[in-house]
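No value in this document is a laboratory result; all are computed from the given coordinates. Keep in mind that this is a model prediction, so the values were computed, not measured. Please note: Cβ atoms are built from the backbone with ideal geometry, for glycine as well, and neighbour counts cover all protein chains shown.
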Amino acid sequence: MTASPHPFERLDPKRIVDAVESLGMWLPGEPFALNSYENRVFLVSDDERRRWVVKFYRPGRWSDAQILEEHDFLAELEAEGVPVGAPWRNDKGESLHHAEGFRFALFTQVAGQAPELENPTHLFALGDVIGQLHAVGKRRPFVHRRALDLDDMVRESREQVLSGPWMSRRQRRAYERISGELHAVLKEHAWSSTRTIRVHGDCHLGNILGRDEHFSLVDFDDCVMAPAVQDLWMLLTAQSDQEAHMQLAEIVEGYEQHTEFDRRELAWIEPLRSLRLIRHSAWLAARWEDPAFPRAFPWVAEESYWDAHIRTLEQQRQAMDERSIWLA
């Protein structure tokens, strides 16, 4: 029996153009695919030479209420002067649009380059923009978006990986053991809901763009309720105590221009790193039916990938017991 094509396989250039033009725009050129796998994202230009990013949401991932809560958060941030890529709205104030079974949104293109994490000026600027974001994020909670929960997310990820077909019996036993050990340790580091705020959720260099010392945050697709440090730890890349002191000092100084950062949250950096490592392999496994994933990540089906992943989890388990340079 032939498997049904993945919904994104129907998303050809004509459908993309027709969807955007249904909003009252005219696109004289072809859409250009941007580097995105969870959703499908394209750069388009209209007849007034305005450049737009159009995002087609992965079917079945988020509810309309969750997407609209993301859009409303972006509108709130934009109204407060926080530099973010907010969605375009039509005359009715609608930001989530529909075409041929797809849900999509349109964003003004944010141009620029990723910051340099060795540059103190850039680090201060990053802290500044994230501090602005969190000052607004603390005002009220999300109602529909997820909360970052160590216990639930590790459990879901383990189940996803262990239900997959790739690992040998030896690898499956090793993965089950080490991921179980990490799960037990991570549950000991869980935070209460009172320590969570609205955050970007996926604040890595690919989602921060700008020039000089002015940066904007884009792609809030993973915005969640989480501790503030979730938006900082991926920017803390130092390998020595001296570098760590410099990075952390610059980021926190910029951050605290707008809101206080509780340094006790630095103890959650390694638990959050562990969670991300576990979730990444589960994400690849969960999306394997999307043809874009085998093309982009063919090594997931190879035995060597899972051996390397298990070794990485072993190293991370050890790191959880070692002194963190961020707490020195």
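Label point 7 Å out from Gln109 along Cα-to-Cβ: which residues of segment 54-82 have amide N under 19 Å?
Residues 54-56 fall inside that zone.
To the nearest Å, what is the center-to-center distance of segment 1-35 and segment 112-171, using C-alpha atoms only?
Using only Cα atoms to place each centre, the spacing works out to 29 Å.
With a cap of 11 neighbouring Cβ atoms within 10 Å, and only residues DSSP puts in a loop, list the GluC sites (Glu not before Pro) found in segment 23-83. Before the final figure, lay out the partial values.
Numbers: sites: Glu38, Glu48, Glu69, Glu70, Glu76, Glu78, Glu80; in loops: Glu38, Glu48, Glu80.
Here the GluC sites (Glu not before Pro) that fit, given the DSSP loop and packing criteria, are Glu48.
With a 10 Å Cβ neighbour count serving as the proxy for reagent exposure, in which order, fewest first, do Leu133, Leu182 appear? Don't skip to the end; give the middle numbers.
Details: Leu133 29, Leu182 23.
Exposure proxy ranking, most exposed first: Leu182, Leu133.
Mind ordering 23-30, 274-281 by average Cβ neighbours within 10 Å, highest first?
Ranked by mean Cβ neighbours within 10 Å, highest first: 274-281, 23-30.
So how long is each side of segment 45-108 along the principal axes, counting just the alpha-carbon atoms, biggest first, in Å?
Principal-axis extents of the Cα atoms in segment 45-108, largest first: 32, 30, 21 Å.
Could you order the peptides 152-163, 222-233 from most to least packed, using the average number of other C-beta atoms within 10 Å per residue? Walk me through the numbers before you get to the answer.
Numbers: 152-163: 16.6, 222-233: 22.6.
So the order, starting with the most tightly packed, is 222-233, 152-163.
Taking a point 7 angstrom from the Cα of Met246 along the C-beta vector, which residues in segment 105-147 have backbone N less than 20 Å away?
114-128
Shape call for segment 1-117 from the C-alpha gyration tensor, a ≥ b ≥ c root eigenvalues: rounded (a/c under 1.5), prolate (a/b greater than b/c) or oblate?
Taking the square roots of the gyration eigenvalues as a ≥ b ≥ c, segment 1-117 is rounded.
How large is the charge dipole for the chain, taken about the Cα centre, if only the Cβ atoms of Lys, Arg (+1) and Asp, Glu (-1) carry charge, to the nearest 20 debye?
Result for the chain is approximately 1040 debye, rounded to the nearest 20.
At a Cα cut-off below 27 Å, give the lysines reachable from Lys187, other chains included and same-chain residues fewer than 8 away excluded.
Within the straight-line limit of under 27 Å, Lys187 reaches these lysines: Lys138.
Mind giving me the nanometre distance, one decimal, between the label points for Glu302 and Ala99, set 7 Å out from Cα along Cα→Cβ?
Between Glu302 and Ala99, the label points sit 3.8 nm apart.
Roughly how far apart, in whole Å, are the Cα centres of segment 181-256 and segment 59-103?
If you average the Cα positions of each part, the centres end up 23 Å apart.
At q = 0.09, 0.10, 0.12 Å⁻¹, what log₁₀ I(q)/I(0) does the chain have when each alpha carbon counts as one equal point scatterer in the Debye sum?
Debye intensities relative to I(0), on a log10 scale: -0.53, -0.65, -0.95.
If packing is taken as the average number of other Cβ atoms within 10 Å across a peptide's residues, how do 199-212, 52-65 rank, most packed first? If you can, show how the numbers build up before the last one.
Details: 199-212: 18.6, 52-65: 16.4.
Result, highest mean first: 199-212, 52-65.
Report the relative contact order of segment 188-241, percent, no decimals, based on alpha-carbon pairs under 8 angstrom and at least 6 residues apart.
This gives 43 percent for segment 188-241.
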